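Q: Once you've had a glance at the structure underneath, I'll fire off some questions.
The values are calculated or read from the model by the stated rules, or taken from the named source; none is laboratory data. Small disclaimer: the values here were computed from a predicted structure and weren't measured. Here the Cβ positions follow ideal geometry from the backbone for every residue, glycine too, while neighbour counts run over all protein chains shown. Please note that ligands, DNA and RNA were not included when accessible areas were found on the heavy atoms of the full protein model with its side chains. Shrake-Rupley method; radii C 1.70, N 1.55, O 1.52, S 1.80 Å.
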Amino acid sequence: MHSRKAENASLGSKHQDVEEKNKHFKFKKRSLPSKLDIYWRYLFMILVLWLLLIQYYERTVVKRAMKKCEWDKWEDWSKSSSTSSAHRVGLFADPQIMDAYSYPSRPALVNWFTSQILDNYHARNWKFFHYYLKPDTVFFLGDLFDGGRNWETHEWMAEYERFNSIFPKKPGHLTVTSLPGNHDIGFGNTIIESSLKRFTAFFGDPNSQWTVGNHTFVLLDTISLSDRQNVNISSVPREFMQNFAASSPKYPRILLTHVPLYRDPNQQQCGDRRESKEPFPLMVGLQYQTVIDSDLSQEVLSTIQPKMVFSGDDHDFCHIKHSYTVNHTPKVAEEITVKSCAMNMGISKPAIQLISLYNPENDGKSPTFKTTICYLPNPFKPLICYGISLALSAAFIFWMTIFPMSFNDVIVRRIPVKDLDTSSLLPIATKGRNFLNLESLRIKASRWKVSQERSVPNFVINMGVLLSSLFFMFAMFYKGK
């Protein structure tokens with residue numbers, strides 16, 4: 001008898017264990033997500049905030065930067081002069097559009113995203129510059145490409161078309177892109193002659209003069225002039241200089257050169273607008289030289305006799321004065337090295353240089369031109385804000401899908417729902433809470449309440465929808481630059 005009771009008790013205990021296991025299994029089974037949920041209402045709210053953020057940095061901030069550079073804010077010609085008759089010029093230095101030679105060690109996908117950001121920065125600024133400042137003339141100061149001197153012709157043609165799509169010429173405005181940089185053709189004795197010929201064929205003569213606003217702009221290929229081995233290359237700019245001097249243009253002369261003229265950086269300091277606190281570098285390396293040789297610089301100054309010199313190549317600002325002589329008569333010319341307009345050239349504040357020309361009398365007595373820096377929008381602040389916003393968006397979706405109980409309790413009950421009491425938006429009823437109509441509550445709150453179950457797949461799919469939407473949104477802004 002006792003044995004049978006013990007056996008029955010043992011069987012009952014085993015049956016109870018099985019029941020407990022079945023309950024546990026059923027609980028686990030019920031805890032699995034029943035379906036994948038895309039929380040469109042919350043995603044829509046996030047995307048609206050993103051739209052406002054992108055609009056602010058891709059449009060509003062750019063417009064504000066251009067408005068700060070408006071001509072009438074700094075031209076300050078005399079009251080007797082008409083600012084409407086002033087000729088306005090913009091100088092763009094070293095865009096160096098990114099290509100495969102820029103960051104060869106980086107993954108291809110990273111380079112693709114980087115190039116999209118850099119191209120958008122250029123194209124956006126170019127469009128707003130023309131729309132708000134409406135320049136009469138634009139000169140580029142060389143280094144249009146980054147690896148232009150190295151490309152084969154079919155590859156170079158693709159980059160040429162890309163450059164023109166980023167900086168399309170505007171009808172009714174003169175745009176001159178014929179001044180080469182060392183990244184376009186090489187430097188001095190190491191100039192790649194085929195690259196020079198190709199650049200000349202598509203962009204125009206590297207040595208030229210342009211009369212605009214009763215001033216003579218002289219574009220001089222000082223890079224080719226620096227070739228001391230190949231006379232076929234150096235003779236072209238030297239012959240141009242001699243012909244120019246013989247023609248004796250009557251207007252004030254402004255020289256444009258890619259590489260700056262020689263200077264003593266300890267004596268000729270760049271001024272407080274230069275970002276770097278180090279003296280102007282005097283360096284020579286593979287396919288570059290930071291200044292033109294001293295003897296060539298003096299030859300250029302005494303032959304062209306410019307009132308002003310504008311150069312590029314260094315990427316940072318520098319304003320100095322040069323002394324030279326013409327027929328034993330001492331003369332002075334100022335030189336401004338223009339900041340790069342690109343965001344990846346090692347400076348924190350890209351810029352362009354603006355020149356206002358007003359020379360109706362050409363009497364040689366009054367100042368005939370004025371110039372100022374026009375700072376472009378901060379290129380890094382938007383990227384930082386986008387990164388922080390993306391992290392916050394991901395954290396919000398993580399909270400919503402991985403900790404839904406907390407999310408519903410903190411967020412959902414604070415969302416006003418028509419004809420629904422705030423207290424009814426609490427999550428699933430727990431012990432000690434009394435709800436009279438749970439089914440009605442579920443229907444009314446379902447518009448905002450998220451699933452009560454943790455779900456990594458829900459996190460993944462909602463993040464996927466967000467990232468896809470952001471990609472499309474940025475593509476629309478970048479396409480409409």
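Q: Residue by residue through segment 125-136, which ³J(HN,Hα) values in whole Hz follow from phi under the Karplus form 6.51 cos²θ - 1.76 cosθ + 1.60 (θ = phi - 60°), with glycine and proline marked x?
A: So the J values, rounded to whole Hz, are 5, 4, 5, 5, 4, 6, 5, 9, 9, 6, x, 7.
Q: Expressed as a rounded percentage, what relative contact order does segment 102-213 have, with Cα pairs under 8 Å and six or more residues apart?
A: Details: 98 pairs, mean separation 32.7, N = 112.
RCO, segment 102-213: 29 percent.
Q: Tell me the accessible surface of residue 92 in square angstrom (1.4 angstrom probe, heavy atoms of protein chains only), to the nearest ten.
A: We get 10 Å² for residue 92.
Q: Cross-link partners among aspartates and glutamates for residue 67, C-alpha distance below 20 Å, same-chain residues fewer than 8 apart left out?
A: Once the sequence-local aspartates and glutamates are set aside, what remains near residue 67 is 58, 75, 76, 136.
Q: Residue separation times 0.36 nm, minus the C-alpha to C-alpha distance between residue 44 and residue 348: what's the value?
A: Numbers: separation 304, 0.36 × 304 = 109.44 nm, distance 3.46 nm.
In short, 106.0 nm is gained.
Q: Would you mind checking 68/127; 68/349; 63/349; 73/331; 169/307 for any pair whose Cα atoms are more than 20 angstrom apart? Could you put the intermediate results ahead of the total?
A: Working: 68/127 16 Å; 68/349 15 Å; 63/349 16 Å; 73/331 31 Å; 169/307 28 Å.
From the list (68/127; 68/349; 63/349; 73/331; 169/307), the Cα-Cα distance tops 20 Å for 73/331; 169/307.
Q: Further question on the same structure: In terms of modelled amide H atoms, which long-range or inter-chain residues lie less than 5 Å from the amide H of residue 212?
A: 217
Q: Which whole-Hz ³J(HN,Hα) couplings does segment 54-69 yield from phi under the Karplus relation 6.51 cos²θ - 1.76 cosθ + 1.60, θ = phi - 60°, glycine and proline marked x?
A: Using θ = phi - 60°, the values come out as 5, 4, 5, 7, 8, 10, 4, 5, 5, 4, 5, 5, 5, 5, 5, 9 Hz.
Q: Based on the Cβ-Cβ distance of residue 287 and residue 51, what FRET efficiency does E = 1/(1 + (r/R0)^6) give at R0 = 45 Å, to the nearest 0.05? Numbers along the way, then the final one.
A: Working: r = 44 Å, r/R0 = 0.99.
According to the calculation, E is roughly 0.50.
Q: Taking amide hydrogens as modeled 1.01 Å from N in the peptide plane, which residues meet the under 5 Å criterion relative to residue 309, leaving out close sequence neighbours?
A: HN-HN under 5 Å from residue 309: 255, 334, 335, 336.
Q: Here is a follow-up. Where does the charge balance sit around residue 240 when Lys and Arg score +1, Asp and Glu -1, over other residues with C-beta under 12 Å from its C-beta?
A: Summing Lys and Arg as +1 and Asp and Glu as -1 gives -2.
Q: Between residue 189 and residue 406, what is the spin-label point distance in nm, taking each point 7 Å from the Cα along the Cα→C-beta axis?
A: 6.8
Q: Turning to a different aspect of this structure: What distance in nm separates the simple spin-label points at residue 329 and residue 302, each placed 7 Å from Cα in the Cβ direction?
A: Each label point is offset 7 Å from its Cα along the Cβ direction, giving 1.5 nm.
Q: What figure in square angstrom, to the nearest 10, would you give for the accessible area of residue 323 with a 1.4 Å probe?
A: 90
Q: Which net charge results for the neighbourhood of residue 231, defined as the other residues with beta-carbon distances under 13 angstrom from its beta-carbon, given Lys and Arg at +1 and Asp and Glu at -1?
A: Local net charge: -1.
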